[in-house]
Amino acid sequence: RFGVCWVNIRISQIISMELRSQIFLTTLNQPYHVHIMRNSSSVISSIYAKTRKAGQFIGSILNAACATCIALSIMILIYFMNPSLALITFALGGFTFIIIGIYNKNKLSDSSIVVAGNYEIILKYLNEGILGIRDIILSRTQHKFHKMYQKADNDFVNAEIKIETISIAPKYLI
């Protein structure tokens, strides 16, 4: 189950990252007159916030489908188990859950710092790319900005994957 959740997180984050990257590249490659007619704040918001929501939605659907299958399996298994054994198992599982949570606290903190730092860098590249589009088009550096953006977004996504994986780990490792 843990492996399936990890794959779901990666798939949804990668889809979201690819959407952002393609939208940013398409935006950078549009003619200058198109950029003049647009509000740069709404473009930046669209590139990041809305594609991130799309990735979260895809991840939720994938997780719901997997959780439904597992919940049905567990219900059938508990039906055939010994009730006293089930009580002991749940108590031991709760204790283990607490131990794993304490262990992962620092890892979550470190990844959160990476997410926060790269979020600012991503917004900086988006802002510079959109607001400085005239210079970027004239100097033909769209791909340079796109590469810098992709690296920051990749680091951001990897840290988010780590956070999401650690946050669900106790539930499935028990």
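The values are calculated or read from the model by the stated rules, or taken from the named source; none is laboratory data. For clarity, every value in this text was computed on a predicted model and none was experimentally measured. Neighbour counts run over all protein chains shown; Cβ positions are idealised from the backbone, glycine included. Side chains are part of the model used for accessible areas, which takes the heavy atoms of the whole protein and leaves out ligands, DNA and RNA. Shrake-Rupley method; radii C 1.70, N 1.55, O 1.52, S 1.80 Å.
The length gained on full extension between residue 138 and residue 2, counted as 0.36 nm times the residue separation minus their Cα-Cα distance, comes to 44.1 nm. Using just its DSSP H runs of length 4 or more, each adding -39500 (n - 2.57), the chain gives a mean residue ellipticity at 222 nm of -31500 deg cm²/dmol after division by all residues. Of the residues 69, 129, 5, the one whose Cα sits farthest towards the positive end of the charge dipole of the stretch 1-155 is 129 (charges of +1 on Lys and Arg Cβ, -1 on Asp and Glu Cβ, taken about the Cα centre).
Over the chain, with every protein chain in place, what whole percent of the accessible area is carbon and sulfur at 1.4 Å, could you tell me? Can you show the working numbers first?
Working: 7370 of 10850 Å².
Of all accessible area on the chain, carbon and sulfur atoms account for 68 percent.
Note on residue 52: accessible area is roughly 70 Å² with a 1.4 Å probe, heavy atoms of protein only.
For the chain, compute Rh as the Kirkwood radius over C-alpha pairs and then the Stokes-Einstein diffusion coefficient at 10 °C and 1.306 mPa s; write the answer in µm²/s, rounded to an integer. For these conditions, the coefficient is 85 µm²/s. For helix 83-131, report the angle its Cα long axis makes with the longest principal axis of the Cα atoms of the chain; keep it between 0 and 90° and round to the nearest 10°. Its long axis makes an angle of about 0 degrees. Listed by chain and number, the aspartates and glutamates whose alpha-carbon sits under 12 Å from that of residue 107, ignoring those within fewer than 8 places in the same chain, are 160, 164. Quick check: the angle from helix 51-80's long axis to the longest principal axis of the chain, C-alpha only, nearest 10 degrees? Its long axis makes an angle of about 10 degrees. Heavy-atom accessible surface of residue 98, to the nearest 10 Å², is about 100 Å², with a 1.4 Å probe and all protein chains retained.
Rolling a 1.4 Å probe over the heavy atoms of the protein chains gives the stretch 77-148 an accessible area of 74 Å² per residue. Against the chain, whose longest principal axis comes from its Cα atoms, helix 142-173 is set at around 10 degrees. Cross-link reach is defined here as a Cα-Cα straight distance under 25 Å, omitting same-chain residues fewer than 8 places apart; for residue 50 the lysines meeting it are 124, 144, 147, 151, 162.
Extension gain, residue 154-residue 60: 0.36 nm per intervening residue step, less the Cα-Cα distance, totals 31.8 nm.
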